[in-house]
1. Looking at A:ALA32 and the list (1) under 30 Å from A:LEU243 (Cα atoms); (2) part of a helix (DSSP H, G or I), which single condition is not satisfied?
2. Give the residue, chosen from B:ILE120, B:ILE111, B:ILE100, that is away from the ligand (no atom under 16 Å from the Cβ), farther than 30 Å from A:ALA195 by Cβ and among the aliphatic types (A, V, I, L, M).
3. Can you tell me which of (1) within 13 Å of chain A (Cβ to nearest Cβ); (2) over 18 Å from A:SER242 (Cβ atoms); (3) within 16 Å of the ligand (Cβ to nearest atom) is the one B:VAL20 doesn't meet?
4. Go through region A:149-182 and count every residue that is polar (S, T, N, Q) and under 24 Å from B:PHE55 (Cβ atoms).
5. Looking at region A:249-288 only, could you name the residues that are within 12 Å of chain B (Cβ to nearest Cβ), assigned to a loop (DSSP other than H, G, I, E, B) and either of a type in the set (Phe, Trp, Tyr) or in contact (Cβ under 8 Å) with a residue 24 or more places away in the chain (or both)?
6. Inspect region A:365-374 for any residue being among the hydroxyl-bearing types (Ser, Thr, Tyr), assigned by TED's automatic domain parsing to the domain that holds A:ARG151, assigned to a loop (DSSP other than H, G, I, E, B) and buried (at least 24 other Cβ atoms within 10 Å of the Cβ) and give the result as yes or no.
7. If I filter region B:1-14 for residues that are of a type in the set (A, V, I, L, M, F, W, C) and under 11 Å from the mean Cα position of the chain (by Cα), do I get at least one hit?
Amino acid sequence: MRDVSIIGIGQTPVGELWDKSLRHLAHDAVVAAMRDAGIERADALYVGNMLSGELAEQEHLGALIADFVGLRGIEAFKIEAACGSGAAALRLGYMAVAGGLHDLVIVCGVEKMTDAPGADTTSALALAADQEYEVTHGLSFVALNALLMRRYMHEYNVPHSAFAGFSVNAHRNGAGNPNAMFQSPITAAAYQQAAMIADPINLMDSSPICDGAAAVVLVPSDWAGHGRGAVRILASASATDSLAIHDRRDPLFLEAAYLSSQKAYRQAGVTPADIDLFELHDAFSIMSALSLEATGFARRGEGVRWAEDDGARIAIDGELPISTMGGLKARGHPVGATGVYQVVEVVQQLRGEAGVNQVRDARIGMAQNIGGSGATVITHILAAE
Amino acid sequence: MRIARNWRTRQQRYSLVGEVCTQCGHKIFPPRDVCPHCTQPAQLPYALSGRGEVFSYTTMTSAPQGFEEYLPYTVALVKLEEGPMLTAQLTDVDPDEVRIGMPVEMVTRKIREDGEAGQILYGYKFRPLLERQTAT
Ligand SMILES: [Zn+2]
């Protein structure tokens, strides 16, 4: 196995981008990443995407985007693992370079969600869940997360307001990210007054529907040199759990997040204490709490305590900065692109290019992308060269 | 709605037919042919009683396509007394009265219909356990 480094990153702003098609979004991110890396060719392109078939009526994204960005002829595929598609594409790119099959790989995550009517998008997102035994009973993806949040609040005797700090922190950091969908801070009071979607989940617990694309360029670390841009992938690990929440041994424990993070810590030779910042999958605030518990940053039932005091301990200057560029909540959650955005943002932090959101002395960063309500979880740990 | 898919799951939707593992004895629902507890083949059908309790719940105020007309409705994770958990709608209950731990029982109800001329899907929902049954 060869060590793998990221030598280029690119991203589009996240939002309701009515003037940009799926292929244009991917183009903008890929071209920016290639320019950042200083390359004009590649051996392969892997595209992370969840919903292009449902919402853009377009599949076959590998060839489509390779051609559209001027790379006609190279190997290119779309990878799908629900909201974990972006990190799944990165994992595939990592395996190709680490295994010596390719030397120069581009990974792009792209999602175009806002062309379709809201009800179509709600139904499409539910494809991540078990069609025959969850979705058929009329559940949306939000409802599945609401079942987890309600149980968590019951089992650990936690009020809804205890989660406010996750949302406040994300929006505080979104305000410093020019690519974020939401760039205004919110207060804990605004969090509690937000409109209910599926009790106890309200609008401020949920990440928004949006468009966006992000890309990275991978090479063997031997090639990367020790220039300004190179960031090494210390670990890449994924794991699975049942699609349906009702099939899990313990619905409040994200077993796949536990398994993939444990594998990643072993590969990287680090412990949670070594992580300087953590881009976690805050699609819903309950997911932040469950992720922190499964990855070893909190004991069972205590993940939510990281949100105390408006998230002071998870802020940029806190003990464990999370969602440092706004996270899924404020940067936005263009589902199949999210895993690549997370890694692009970790690279920004490790290069010292995160602007007003820069985490001081950031050396090791972790990104964790979750597919569905926890069925696919992919963890990457990166380090400055 | 896909007619053949709904037909294939009719025993599960009407009668909660799951499986029992002949190796370790665990009851399994929905059926999956491989026991999740001991990973041995488990294909012996087993009909569950339909009694259980609410593990968690939420009331939906926006719905996926095809369910808009039923809003608002309450969905739940139901822990069956034989062990397995499933996902279903609650019925015959005021959403404000639902509680975690509430005893419930299965009933067969309309899940949705596909317009005036389309297919009607029936299946399990759960309602609060009736008094007469708690007494026996
Ligand atoms: Zn068994």
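The values are calculated or read from the model by the stated rules, or taken from the named source; none is laboratory data. Worth saying up front: this structure is predicted, and the values here are computed from it rather than measured. Virtual Cβ from ideal backbone geometry, glycine too; neighbours counted across all protein chains shown.
1. The failed condition is (1).
2. Numbers: B:ILE111 fails: farther than 30 Å from A:ALA195 by Cβ; B:ILE100 fails: farther than 30 Å from A:ALA195 by Cβ.
The conditions single out B:ILE120.
3. (1)
4. So in region A:149-182, the residues polar (S, T, N, Q) come out as A:157, A:161, A:167, A:169, A:173, A:177, A:179.
Right, trim to under 24 Å from B:PHE55 (Cβ atoms) and you get A:157, A:161.
Selection size over region A:149-182: 2.
5. A:PRO251, A:LEU252
6. First, pick out the residues of region A:365-374 that are among the hydroxyl-bearing types (Ser, Thr, Tyr): A:373.
From what's left, assigned by TED's automatic domain parsing to the domain that holds A:ARG151: A:373.
Within this subset, residues satisfying the condition of being assigned to a loop (DSSP other than H, G, I, E, B) are A:373.
Now restrict to residues that are buried (at least 24 other Cβ atoms within 10 Å of the Cβ): A:373.
Scanning region A:365-374, I find at least one residue that is among the hydroxyl-bearing types (Ser, Thr, Tyr), assigned by TED's automatic domain parsing to the domain that holds A:ARG151, assigned to a loop (DSSP other than H, G, I, E, B) and buried (at least 24 other Cβ atoms within 10 Å of the Cβ), so the answer is yes.
7. Narrowing region B:1-14 to residues of a type in the set (A, V, I, L, M, F, W, C): B:1, B:3-4, B:7.
Cutting the leftovers down to under 11 Å from the mean Cα position of the chain (by Cα) gives us none.
No, region B:1-14 has no match at all.
One line per residue, one yes/no per condition, for (1) facing chain A (nearest Cβ under 10 Å); (2) surrounded by 14 or more Cβ atoms within 10 Å (Cβ to Cβ); (3) more than 13 Å from A:HIS137 (Cβ to Cβ); (4) under 17 Å from the mean Cα position of the chain (by Cα):
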site	(1), (2), (3), (4)
B:GLU68	yes, no, yes, no
B:LEU71	yes, no, yes, no
B:THR87	yes, yes, no, yes
B:GLU113	no, yes, yes, no
